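Data block below; observations after.
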Amino acid sequence: MARRVDIRRVRNIGIMAHIDAGKTTTTERILFYTGVAHRLGEVHEGTTITDYMEQERERGITITSAAVSCTWRDHRITIIDTPGHVDFTAEVQRSLRVLDGAIALFSAVEGVEPQSETVWHQADQYRVPRIAFVNKMDRVGADFHAAVESIRMKLGANPIPVQLPLGAEETFAGVIDLLAMQAITFDDASLGARYTAGEIPAEWRDAAQRARAAMVEQIVELDDQAMEQYLAGIEPSIEQLRAVLRRATLELRAVPVLCGSAYRNKGIQQLLDAVVEYLPSPLDIGAVSGYDPAMPERILERRPLDDEPVAGLAFKVVSDRHAGRLVFVRLYSGTLEPGQTVLNASTGKRERVQKILHMQADRREEIPAAFAGDIIAIPGLRAKTGETIADAKHPIVFEKIEFTEPVIMQAIEAKTSADQEKLAAALAALADEDPTFQYKTDAESGQLVISGVGELHLDIIVDRLAREFGVPVRVGKPQVAYRETITQSVTSSGRFERLHGANVFVAEVTLAVSPAERGAGFVFRDALPAGERELLPLQCIRAIEDGARETLIAGPIMGYPLIDIAVCLEHASAVQTEPNEIAFRIASANAMRDAYRRAAPVLMEPIMALEVTTPDEYVGDVIADINSRRGRIEQIEQRGIMSVIRAHVPLEAMFGYVTHLRSLTQGRAVYTMTFSHYEPAAHTLQNAYA
């Protein structure tokens, strides 16, 4: 089966930004101009293609990452429209993991905003090349140059404007292409579908020439040969400038910047041109690395070729009302066809692929084969988010996707006893879809407790239980998801002995347990004497590590999960018996529980990074309120007539903050809040739980 689109003409991209920067509107315009949509979808009307969940259309925000494909200049572009709200960063994280490039969207009024920074740094982590689009040039207060400067200063990027806006605010009429030195204006009657490239108006010519000279200097600085020619007085051609800028973009050394107004239908076609010209194909990204599941220390590679062994990453799971459980997969190598058996290399289980779907938000098209570089959905696959699908004869495991820890929890119960089983099944399905959502039954109270990354996150979960699963629930007040850790180092021994038939299983373990660095999680080190290690199979050492890790689920103070624990294995022996993995696992767990009690455990509370944007006259009141919530002011920045206050505040003090801030500032201030870190809880809290 031959592929329909050459891999060099494939672009897998994301659109990422702060909430309300216009991501979904931009995506809808792209779909309209590429012929996927035959009318313009509007967020405020709830008629968009990519926001297909009811809550998304009602709230005007994007919750899940919808995948949509379109064609532009003979290139197939698959777009993942990611959420901008901080409560849905898991969707952004999993999308960036499988994308080749991204459009970073910024409002021309606000420039770089908090969630823009968060997502930008996540994209840095996954080394995703980006182009920038300064949107909303028609809005009052739009300032293209200030937005570009905020990209440079706040993100540490190297933005290179390749366009200049033709006017601003109510006079915004189009864009100036600095490479071709043409003014591009858009026809309102055709909703921007028709546009004209012509001479730059006289009043803009000087500004355009200065901007072009600055752009050329920035670009030639990225390439030694181009710089030599430039210094010799040879002006580089448009093709040379594009080639140098493309290479630098792929190497994360430059960010081409464009501008426009998605809502006013201006600048979108040129943005699509930039996607084709500057963002990478899977071939540009090259081979991806993983490890051999049989020998984790052995690094393997898969090249983006159709004749390589099949290898892909499951990056999203959804419960589809028509197709059932759908697993979204980024295929990195090989050709996958229905009927093929694949190995879940993360679990070692084999599965048969029944169908392969090409997704258009909530619409689907069955396809006869998928190829290297494709983003597809496979119904019925049992893989979970972050697991690797591979050729059974050539297994490989890719790096897993790391997600934010839940920091807020809420007790829930079904409104009728008849709904208990339905509720359990619905929660299992939601947890399957969303790695940042968890649920459990509290051991002491017997209550069902759900956990997420923010109040909106849990609101959406409760809403989905009623709408999608037909299970309305009663909810308690949101509560903080505390953690526990230790503050002293101790050495602890554990023993497990059991008579099983004629066999006696005995295992002894000695562990040195100490506080790890903040954010380190669980750190395990094998320091067994050489003589003991020779007598102990590797599986038993792994069992000791697993036994220690399993105890992290419940701490000694209030049963909250433990964090930042370092364990050093100092002694392990099987007494008068053959080594047994289960015995060592239990002995290790016993040693850990004894260590926790003696290592001065403390309660840890989540600290949030808060950013409040407020008119200057309310700064004093806002700061006083933050201080009263045990907050620490980190920075105050002037932004026009507004002040931006950055602080760290305990989550415990922030419930209901949105209502309080609204009354404090007459509804004129806005804020964002993201998880920052854990630190020891206040003494009053420690004493309350002692």
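The values are calculated or read from the model by the stated rules, or taken from the named source; none is laboratory data. What you see is a predicted model; the values in this text were computed from it and never measured. Neighbour counts run over all protein chains shown; Cβ positions are idealised from the backbone, glycine included.
One table, with the values for the structure above:
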read-out: Matching helices (runs of 4 or more DSSP H) fully within segment 235-296 where at least 2 residues are more than 23 Å from the chain's Cα centre (by Cα); value: 238-250, 268-278
read-out: Members of segment 611-646 found to be touching a Pro at 6+ places or on another chain (Cβ under 7 Å), charged (D, E, K, R) and part of a strand (DSSP E or B), listed by number; value: GLU611
read-out: Number of the exception - ALA609 against (1) modelled with pLDDT of 95 or more; (2) assigned by TED's automatic domain parsing to the domain that holds ARG629; value: (1)
read-out: Whichever residue in segment 167-188 is among the aliphatic types (A, V, I, L, M) and crowded, with 17+ Cβ neighbours inside 10 Å and, among such residues, is modelled with the lowest pLDDT; value: ALA168
read-out: Evaluation of TYR439 against (1) farther than 24 Å from PHE328 by Cα; (2) of a type outside the set (A, V, I, L, M); (3) in a strand (DSSP E or B) (one fails), failing number; value: (1)
read-out: Sole residue being acidic (Asp, Glu), in contact with a Lys or Arg (Cβ under 8 Å, 6 or more places away or on another chain) and not assigned by TED's automatic domain parsing to the domain that holds LEU343, chosen from GLU413, GLU455, GLU366, GLU421; value: GLU413
read-out: Residues being within 25 Å of LEU252 (Cα to Cα), out of contact with any helix residue (DSSP H, G or I) (no Cβ under 6 Å at 6 or more places or on another chain) and among the aliphatic types (A, V, I, L, M) - total across segment 141-174; value: 6
read-out: Every residue from segment 617-637 that is in contact with a strand residue (DSSP E or B) (Cβ under 8 Å, 6 or more places away or on another chain) and not charged (D, E, K, R); value: VAL619, VAL622, ILE623, ILE626, ASN627, GLY631, ILE633, GLN635, ILE636
read-out: Residue tally, condition more than 23 Å from MET604 (Cα to Cα), hydrophobic (A, V, I, L, M, F, W, C) and either surrounded by fewer than 21 Cβ atoms within 10 Å (Cβ to Cβ) or under 27 Å from the mean Cα position of the chain (by Cα) (or both), over segment 474-502; value: 3
read-out: Top-ranked residue in segment 536-588 [being of a type in the set (S, T, N, Q) and outside any loop (DSSP other than H, G, I, E, B); ranked as farthest from TYR439 (Cα to Cα)]; value: SER573
read-out: Residue that is modelled with the lowest pLDDT [pool: residues in segment 344-354 that are under 22 Å from SER319 (Cα atoms) and crowded, with 17+ Cβ neighbours inside 10 Å]; value: SER346
read-out: Criterion (under 25 Å from ALA682 (Cα atoms) and either within 36 Å of the chain's Cα centre (by Cα) or not in a helix (DSSP H, G or I) (or both)) met by exactly one of GLU508, GLU517; value: GLU517
read-out: Considering residues of segment 288-307 that are small (Gly, Ala, Ser) and at pLDDT 95 or above only, the residue nearest to ALA254 (Cα to Cα); value: SER289
read-out: Residue ID - nearest to LEU166 (Cα to Cα), chosen from residues in segment 214-244 that are surrounded by fewer than 11 Cβ atoms within 10 Å (Cβ to Cβ) and of a type in the set (A, V, I, L, M); value: LEU231
read-out: Checklist (1) under 23 Å from GLU468 (Cβ atoms); (2) modelled with pLDDT of 90 or more; (3) not small (Gly, Ala, Ser) applied to TYR332, failing item; value: (1)
read-out: Positions within segment 504-535 being exposed (fewer than 11 other Cβ atoms within 10 Å of the Cβ) and not aliphatic (A, V, I, L, M), in sequence order; value: GLU517, GLY519, PRO529, GLY531, GLU534
read-out: Unmet criterion (only one of (1) in contact (Cβ under 8 Å) with a residue 40 or more places away in the chain; (2) in the same structural domain as ARG130 (by TED's automatic domain parsing)) for LEU313; value: (2)
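Matching residues to (1) modelled with pLDDT under 90; (2) of a type in the set (D, E, K, R):
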| residue | (1), (2) |
| --- | --- |
| THR510 | no, no |
| GLU517 | no, yes |
| ARG525 | no, yes |
| GLU532 | yes, yes |
| GLU545 | no, yes |
| ALA548 | no, no |
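Conditions (1) under 30 Å from SER289 (Cβ atoms); (2) more than 18 Å from the chain's Cα centre (by Cα); (3) at pLDDT below 85, marked per residue:
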{"position": "ILE19", "(1), (2), (3)": "no, no, yes"}
{"position": "VAL36", "(1), (2), (3)": "no, yes, yes"}
{"position": "ALA66", "(1), (2), (3)": "yes, no, yes"}
{"position": "TRP72", "(1), (2), (3)": "no, yes, no"}
{"position": "VAL86", "(1), (2), (3)": "no, no, yes"}
{"position": "SER107", "(1), (2), (3)": "no, yes, no"}
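For every residue, the table says whether it meets (1) out of contact with any Ser or Thr (no Cβ under 6 Å at 6 or more places or on another chain); (2) more than 30 Å from ARG525 (Cα to Cα).
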{"position": "GLU570", "(1), (2)": "no, no"}
{"position": "ASN590", "(1), (2)": "yes, no"}
{"position": "PRO601", "(1), (2)": "yes, no"}
{"position": "ASP616", "(1), (2)": "no, yes"}
{"position": "PRO650", "(1), (2)": "yes, yes"}
